[in-house]
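In what follows, a single structure is set out as structure tokens and then discussed.
The values are calculated or read from the model by the stated rules, or taken from the named source; none is laboratory data. These figures come from a predicted structure and were not determined experimentally. Cβ coordinates were reconstructed from backbone atoms using ideal geometry, including for glycine residues, and neighbour counts include every protein chain displayed. The area values use the complete protein model at the heavy-atom level, side chains included, leaving out ligands, DNA and RNA. Shrake-Rupley method; radii C 1.70, N 1.55, O 1.52, S 1.80 Å.
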Amino acid sequence: MKNIMGLVFANIYDSSLGQLTNKRTLASLPFGGRYRQIDFTLSNLANAGVRHIGVVTQYNFQSLMNHVGSGEEWDLELEEGGLEFITPFSMGVGNNFRGKLEAIEACSKGFLERAKEDYVILADAAVVCAINLEDVVKAHIASGKDVTVVVKAGIANDRKQLDLAVRLDEEGEISDMAVDYAAPEDYLASMGIFVMRRELLMQTAEECVAHNRYRFEREFILQDWADGKLSVGAYEFDDVALFNESTEEYFRNNLAIIEKEIRHGLYRDGLTIYTKVRDQVPTYYGENCEINDCIVADGCVLLGTADNSVLFRRVRLSTGAFVKNCVIMANCEIGIGAHLEYCILDKDVKINAGVKLIGTPEHPVILNRGDVV
Amino acid sequence: MNFQKKRCVAMLLAGGQGSRLLVLTENTAKPAVPFGGKYRIIDFPLSNCVNSGIDTVGILTQYQPLELNEYIGNGQPWGLNRSHGGVSVLPPYARSKKSEWYKGTANAIYQNISFIERYDPENVLILSGDHIYRMDYAKMIRFHEEHDSDVTIAVRQVPMEEASRFGIMNTNPDGSIYEFEEKPKHPKSNNASMGIYVFKWSILKQYLIADEEDPNSENDFGKNVIPAILNAGHKLFAYDFEGYWKDVGTISSLWEANMETLGPDPEFNLYGDGVAKIYARNYALPASYIDVHSKNINCLIAEGCEVYGDIHHSVISTGCRVGKGALIEDSVIMPNTVIEDGVIIRNAIIGEDCKVCKGAVIGGTFTGTEKRQISVVGKAHVIEANQVVKPGEVI
């Protein structure tokens, strides 16, 4: 669809992923063996024919820019439209964005105003899914609502704090909204995807920021909806959506894609997930290796045993090494006879021979990029 | 338009029909045949060019060019999407006076003299699109220049008993060639030509024009052009190459070369650690799902696969699926092929986009006493449930 542009917020939830986002954005966090979280967001937009996307980021964005580059993998390297990074201090605004509304207001003049598209899809990179956004926009236009939010059932559980949750009545209309709240199970969680007209978005951001309102969900969606100034529709997504908003969720969801139903719900025909090409050699499986129930990317050399784990590119698993329930990012090296269970190894970690590390499902052992143990 | 002068332009002969690869080249040019899990044969000479600092490559296509053209695209995967030079696909085309297919290897270059002239190169490197090897052409070009050679031909030592299958270069102690024999019955030496030539462009151009005017010529480098240059008294040198090199023009050599990429210390190591990397066009596929409970795997598996079955000593290419209870041994499974549950495949090459239905049996065990029989299933074939494909059978 030519008439839609995208605005992606790359830093949302950075703070709740601890050391994994110390030196990168949540958007550039590796996921699923060969992806970064933002690959799903950008691919969903690209698959809907969106060819004009702004990526809002304000800190730790080196790895994000390196990964996304000019956007050519998503067909965003274009004469017109294409991909733009939106950062603070780059458009005459001399402070960090306190919330999405400030970021939107900041890029209003330079980016949104110059755009030709009538509709904007706002998204972040915390929820991993393959969604047909063309259907979402069509539903939004048909509904006549001011804003459509994409929601997912089965996420709210009385414990998980949600940015935005809605309760739907029998007609599918929103009957209640909750913000920053551990909503009960009958609420549907926002997937952070919103559709609205570009004009309305610009106007809203200007007004809100003028009144020191910067929190998109709380001070715009909820407030204006409650005041009867804004009509909001919900689009229920019923395929796989993985919310990676905490380290525990990130760990669990990485391992979840080992399950066929979840994997096939994420990698669907016609909704290809694109990523930066690294051009690695096919993985070599040695004579004595045993690899059961694993996700394995290219370029690995596997001589040991791995069970129920995700192995990113160029992982070296030595003879006699044992890995179970682990997420092992690119370029890690597991020494001879090492034993790992419930661990997250960030990139370039080296585990020496014989080292034993055992975490728990709730508290996996996390090693920082480049650690040597 | 005037271009900056290039030191060397590479011309890659990729027009061969590859009829000895049988069904695998029915709808595919030989250089586009998959190799090593994620590569195509042409990736090897192309990557060698890039790794040797050659940034201008002409690819001469003729037979089934569509797939190859699409694969090469703008050359971006090899870093050959340059504004000056880069990769150009050169099919035969209609000219104002006459139009014709490429009659032979030399004629293919002759028809593209104007392409080469645009870069005004010192030397032209002629390559074949059907060899698997890693080579630094820059070293060969340096050798060529240091010896002020008119033609330099890369050679490798082959076993003396096999020498009569090759073009043999008989050399003086200084490496200069005094005689060239095409498939001699009684070879004098075992310096076999690898089909890799560096020519001084001024010399090559002159002899290509002369060759074209000779109605009796087959317009072939090995048979006509090189003997003509040699007989005219020009300086020809042999350049020794010692690394892995394989002509994958037959089913058995293609199978062998694939098998030679396997093992902890393979004869041909695809891994680029510390050596020149082989580049390929990559497709957007997720990481593979692997659930192999068997021992003795010794396999290469590319991305986008789902493997549930038992696999031993095989190459499983990009986007394949191997069902539960399936057994694959000593075989090459080309990209995007589905092997259903309970299938048994031994000593076989299964082409791209095939479907092997439940319970089918392809090939047989190799006892080591007779010649190994490779079964072949051509591109996009469906092998029905419980169908049997005999050892050595070609479908």
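Once the gyration tensor of the Cα atoms in segment A:141-260 is diagonalised, the equivalent ellipsoid follows with semi-axes of 27, 16, 14 Å, ordered largest first. For B:G36, the shell of other residues with beta-carbons less than 10 Å away shows a net charge of 0, using +1 for Lys and Arg and -1 for Asp and Glu.
With +1 assigned to the C-beta of every Lys and Arg and -1 to the C-beta of every Asp and Glu, and no other charges, what is the dipole magnitude of the protein assembly as shown about the Cα centre in debye, to the nearest 20? Here the size comes out at about 1620 debye. Only helices enter this figure: runs of n ≥ 4 DSSP H residues, each worth -39500 (n - 2.57), summed and divided by the residues of chain A, yield -5000 deg cm²/dmol at 222 nm to the nearest 500. For peptide A:294-304, the mean count of partner chain Cβ atoms within 10 Å of a residue's Cβ comes to 4. Given a 1.4 Å probe and the protein chains as shown, B:M135 ends up with an accessible area of around 10 Å².
Over the residues of chain B, the helix contribution to mean residue ellipticity at 222 nm works out to -4500 deg cm²/dmol, using -39500 (n - 2.57) for each DSSP H run of at least 4. Normalised by the number of residues in chain A, the average gap of Cα pairs under 8 Å and 6 or more apart makes the relative contact order 15 percent. Diffusion coefficient of chain B by Stokes-Einstein, Kirkwood radius over Cα pairs, 4 °C, 1.567 mPa s: 58 µm²/s. Give the shape of segment A:284-367 as rounded, prolate or oblate, defined through the alpha-carbon gyration tensor: a ≥ b ≥ c are the square roots of its eigenvalues, a/c under 1.5 means rounded, and otherwise the shape is prolate if a/b is larger than b/c and oblate if not. In terms of gyration-tensor shape, rounded.
Among rounded, prolate and oblate, which fits segment A:1-121 when a ≥ b ≥ c are the square roots of the eigenvalues of its C-alpha gyration tensor, a/c under 1.5 means rounded, and a/b larger than b/c means prolate? It is oblate, given that a/c is not under 1.5 and a/b is not larger than b/c.
Each Cα pair of the protein assembly as shown feeds into the Kirkwood radius, which the Stokes-Einstein equation turns, at 20 °C and 1.002 mPa s, into a diffusion coefficient of 74 µm²/s. Restricting the calculation to alpha carbons of segment B:61-159 gives Rg and Dmax of 15.8, 49 angstrom.
Chain A and chain B together bury an accessible surface of about 3100 square angstrom, both sides counted, with a 1.4 Å probe and no ligands or nucleic acids included.
Rounded to the nearest 0.05, the FRET efficiency derived from the C-beta distance between A:E236 and B:I209 at R0 = 56 Å is 0.15. For segment A:48-183, the percent of C-alpha pairs falling in each 5 Å distance bin, counted from 0 to the bin holding the largest distance, reads 2, 7, 14, 18, 20, 17, 12, 7, 2, 0.
How do the peptides A:141-147, A:95-101, B:197-203, B:366-372 rank, highest first, by the average count of neighbouring beta carbon atoms within 10 Å per residue?
Numbers: A:141-147: 16.1, A:95-101: 18.0, B:197-203: 21.7, B:366-372: 9.3.
Put in order of decreasing packing, that is B:197-203, A:95-101, A:141-147, B:366-372.
Axis of helix A:133-143 versus longest Cα principal axis of chain A: the two differ by about 20°, to the nearest ten degrees.
Think of each Lys and Arg Cβ as +1 and each Asp and Glu Cβ as -1; about the Cα centre, that makes the dipole of chain B roughly 540 debye. The label-point distance for B:E218 and B:L66, in a model that sets each label 7 Å from Cα toward Cβ, rounds to 3.1 nm.
Here r is the Cβ-Cβ distance between A:E261 and B:K5 and R0 is 56 Å; the resulting FRET efficiency, rounded to 0.05, is 0.40. Counting Cβ atoms of other protein chains within 10 Å of each Cβ in B:302-315 and taking the mean gives 2.
Per residue, how large is the accessible surface of the protein assembly as shown? Use a 1.4 angstrom probe and give square angstrom.
Counting only protein heavy atoms, the per-residue value for the protein assembly as shown is 40 Å².
The tail of the calculated P(r) for chain A beyond 27 Å holds 48 percent of all Cα-Cα pairs. Applying 1/(1 + (r/R0)^6) with r as the Cβ-Cβ distance of A:D118 and B:N74 and R0 = 30 angstrom yields a FRET efficiency of 0.35. Across peptide A:271-278, the average count of Cβ atoms from other chains found within 10 Å of a residue's Cβ is 3. Convex hull volume of the C-alpha atoms in segment B:259-395, normalised per residue: 118 Å³.
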